[in-house]
Amino acid sequence: MLRPSSFRVRVGGIGLALITGMLGVVVSGTPGAAPAGASGTTVVYDSTVSPLPGNLVSLGFEATQTSEFGNQVSLSGAANDLNNVVVTMSSWGCQNGAGGQGYGTANACVTTPGATFNEPITLNIYSAGANNAVGGLLATDTQTFAIPYRPSASDPSIYSAEGCSATNGKWYNASDNTCNNGLATNITFDLSGQNVVLPSNVIYGIAYNTSDYGASPYGDSTACHASASGCGYDSLNVGLSQDPNNVSVGSDPNPGTVYWNTQTAADYCDNGAGGTGTFRIDGAANTAACWDGGANTGWAVSGSGSPYYVPAVQFNATAGPSSTVVVTPQNLVSGSPSAGQFVVTNESSGGGSVSIVNGPAGGPSAGSLQMSLTGTSDHWDAFNYDHEGVALSNISTLSYSAYTNNAPDFDPGFQLQADLSPSIPFSTINYEP
């Protein structure tokens, strides 16, 4: 991965002037992702359900002793400069009362419209390793979301035909004419500022804490744990859709599987043979009672193969297969560069100067960076930070144009400041055509 000083043009040797134009690195995604929903973004994977129904089938973390849950996905197209990720959650908690208590009972579920609880939720994105193992962490983001409580229990004398009863405490949703235990709600992780270019296959995981599970469980001594309604996070689930029925963009490279970290061996399709309490692939060819009723077909909806349950998730990326950074007077700065800007520093003992000039005939008419040198070892460095976090495997072309007006010897070139972990934590890769 390229480090913050990720794009450098270094000039040295004998010379009075060197002019370069159209400096740039061409990669598989455009640096500087646009905000969520902005023009230029595109969906590269989508298993969400739209319009959003009242609720979805879901997996509860506290109920299944889960700390992380996700899947491996294949992204569509080349626009994989990550912008944001949408995850559908299912909230079963009531603001007051218990979810299973029906309308009109002493402890009925009652929620003030718009009431929420706050919960930090983490999205992890990993590379896909050999044999579908979880690889290195590509990106991570933790945000605190205001999760809505599910609505109050509905009157069964009005909605009994839709499934609401005095004993189940469900709420009625008019948009799809159903009674539901939970409330489907979307949360969005904004990763546009991380400048992450994703490979075509990634593994993602959703993680959060409950009373007894997660990276840092809240414990059972909290005030909400002692209340009749309980803690909202203990009734918070990850929504599930169906593959391939709801997968409209991208694909699942291993149908019938998910990735799961649960403490309970029997929850895994292999009865924990591959380990418990570890985030790993689960399903399909294994031999336990997954969500398929024991039919040995992985996370099947009906117990007889496809379709399969998968988390309801959408990946959005910045459109555009390439990027070129062009030097202009407006993007030459002295420090703290933003997208498309250069910082130019003198790292020699000699004099010299840097300016923006018109290029030669046949080259860029403007937007060239002229570096005037005075000594045999003088050099200036022009730093550009637009491609921080880009995987080296995603760089398809390095290019620039250069000329000297009166010097016989000059040596321009790129220096990529790269993280080559785990073998080499940091190195400079030189590119001199």
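What the table shows:
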quantity: Extension gain, residue 227 back to residue 419 (0.36 nm per residue minus Cα-Cα distance, nm); calculated: 64.1 nm
quantity: Accessible surface ranking that places the most exposed of 66, 48 first, with a 1.4 angstrom probe; calculated: 48, 66
quantity: Amide hydrogen neighbours beyond the local backbone of residue 269, cut-off 5 Å, H modeled; calculated: 283
quantity: 1.4 Å probe accessible area per residue over region 146-274, in Å²; calculated: 39
quantity: Per-residue ³J(HN,Hα) for region 118-129, Karplus 6.51 cos²θ - 1.76 cosθ + 1.60, θ = phi - 60°, Hz, x for Gly and Pro; calculated: 9, 9, x, 10, 10, 10, 10, 10, 10, 6, 9, x
quantity: Residue-span extension gain [residue 116 to residue 353] - 0.36 nm each, minus C-alpha spacing; calculated: 79.5 nm
quantity: Accessible area in the full protein assembly, largest first, 1.4 Å probe, for 225, 379; calculated: 225, 379
quantity: Modelled label reach - residue 132, point 7 Å along Cα→Cβ, region 237-276 residues with backbone N closer than 13 Å; calculated: 252-260, 269-270, 274
quantity: Chain lengthening between residue 176 and residue 142 when straightened (0.36 nm per residue, less Cα-Cα); calculated: 9.0 nm
quantity: Protein-only accessible surface order, largest first, of 227, 90 at 1.4 Å; calculated: 227, 90
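The values are calculated or read from the model by the stated rules, or taken from the named source; none is laboratory data. As the structure is a prediction and not an experimental result, all values here were calculated from the model. In this analysis, Cβ positions are derived from the backbone assuming ideal geometry, glycine residues included, and neighbour counts consider all displayed protein chains. Ligands, DNA and RNA are stripped out before the accessible areas are found, and what is left, the full protein with its side chains, is counted by its heavy atoms. Shrake-Rupley method; radii C 1.70, N 1.55, O 1.52, S 1.80 Å.
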